[in-house]
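Participant: One structure, pasted below without further comment.
The values are calculated or read from the model by the stated rules, or taken from the named source; none is laboratory data. Keep in mind the model is a prediction, meaning the values are calculated, not measured. Virtual Cβ from ideal backbone geometry, glycine too; neighbours counted across all protein chains shown. With ligands, DNA and RNA removed, areas are computed over all heavy atoms of the protein, side chains included. Shrake-Rupley method; radii C 1.70, N 1.55, O 1.52, S 1.80 Å.
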Amino acid sequence: MKKILLITALFLLNFKLAEAHNPLSAMYYLEVKGDFGILNISLSQAGLDQALIASFPNKDISKISNEEYKKLAVAYIKDHFQLAVNNEDVNILNGGIKLGNHQTDLKFITSVVPKSFKSIDLKIDAFKENDHHQTIFSLLLNGETSKVVLSDSNDYTTSKVFKNNLMITDNQKFNANYLWFIAVIPVVVFGRKFLPSSKSIT
């Protein structure tokens, strides 16, 4: 029994480590602090290397200095992050980067955010150069945490509204379009049944 528990614990530990350093995923965690946000990013070093090689083909990533590498990484992250809250742009400002053998961590301060969150429009297409990549974006707002997964299936883009400080899908937009489509069907059926035929008479 002890042997089984030990094997299970080792398996779960290896799974967690593999998940943290998965080159196919990145974690973005935005914590709202008063009038601004703190954005924490964790991603695999291998995934970042692949993205920078694809984005900067004129640079030999393996030979540049750590300082130049950090500048390229920060520029890349900023160029592939778009956030709007209540239709107001929120930008990444100052921050830092910590390189690791397997995982790279970045932290930034954002520009001013609205006091009340009503809607969010988000696009994080960083690492789309890497096949099957996905980004998990989490938001901590007034003690409540919600998250969304961005991938090639949604073009690394999402729009959400807020309920009780949590991101939710805007069902009103979906329902409005859906109801409009349904309303067209009876009009077409009615027209075919009761309106005169448009066939020409010879």
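Participant: From Lys33, Lys16, which residue is at pLDDT 70 or above, under 30 Å from Thr145 (Cβ atoms), of a type outside the set (Phe, Trp, Tyr) and exposed (fewer than 14 other Cβ atoms within 10 Å of the Cβ)? Outline the logic, then answer.
Facilitator: Working: Lys16 fails: at pLDDT 70 or above.
Being at pLDDT 70 or above, under 30 Å from Thr145 (Cβ atoms), of a type outside the set (Phe, Trp, Tyr) and exposed (fewer than 14 other Cβ atoms within 10 Å of the Cβ) holds for just one of Lys33, Lys16, which is Lys33.
Participant: Given the criteria touching a helix residue (DSSP H, G or I) at 6+ places or on another chain (Cβ under 6 Å), open to solvent by less than 60 Å² (accessible area, probe 1.4 Å) and in a strand (DSSP E or B), does Ile97 qualify? Quick ask: steps written out before the conclusion?
Facilitator: On the way: touching a helix residue (DSSP H, G or I) at 6+ places or on another chain (Cβ under 6 Å): yes; open to solvent by less than 60 Å² (accessible area, probe 1.4 Å): yes; in a strand (DSSP E or B): yes.
For Ile97, the condition - touching a helix residue (DSSP H, G or I) at 6+ places or on another chain (Cβ under 6 Å), open to solvent by less than 60 Å² (accessible area, probe 1.4 Å) and in a strand (DSSP E or B) - is met.
Participant: Filter the range 147-163 down to the residues that are open to solvent by 50 Å² or more (accessible area, probe 1.4 Å) and either among the small types (Gly, Ala, Ser) or touching a helix residue (DSSP H, G or I) at 6+ places or on another chain (Cβ under 6 Å) (or both) and list them by number. Break it down into steps so the answer makes sense when it comes.
Facilitator: To start, the set of residues in the range 147-163 that are open to solvent by 50 Å² or more (accessible area, probe 1.4 Å) comprises 147, 149, 152-155, 157, 159, 163.
Ser153, Ser159, listed by residue number.
Participant: So is Ser146 touching a Phe, Trp or Tyr at 6+ places or on another chain (Cβ under 8 Å), at pLDDT 95 or above and outside any helix (DSSP H, G or I) or not? Write out each step before concluding.
Facilitator: On the way: touching a Phe, Trp or Tyr at 6+ places or on another chain (Cβ under 8 Å): no; at pLDDT 95 or above: yes; outside any helix (DSSP H, G or I): yes.
Spelling it out, it is not the case that Ser146 is touching a Phe, Trp or Tyr at 6+ places or on another chain (Cβ under 8 Å), at pLDDT 95 or above and outside any helix (DSSP H, G or I).
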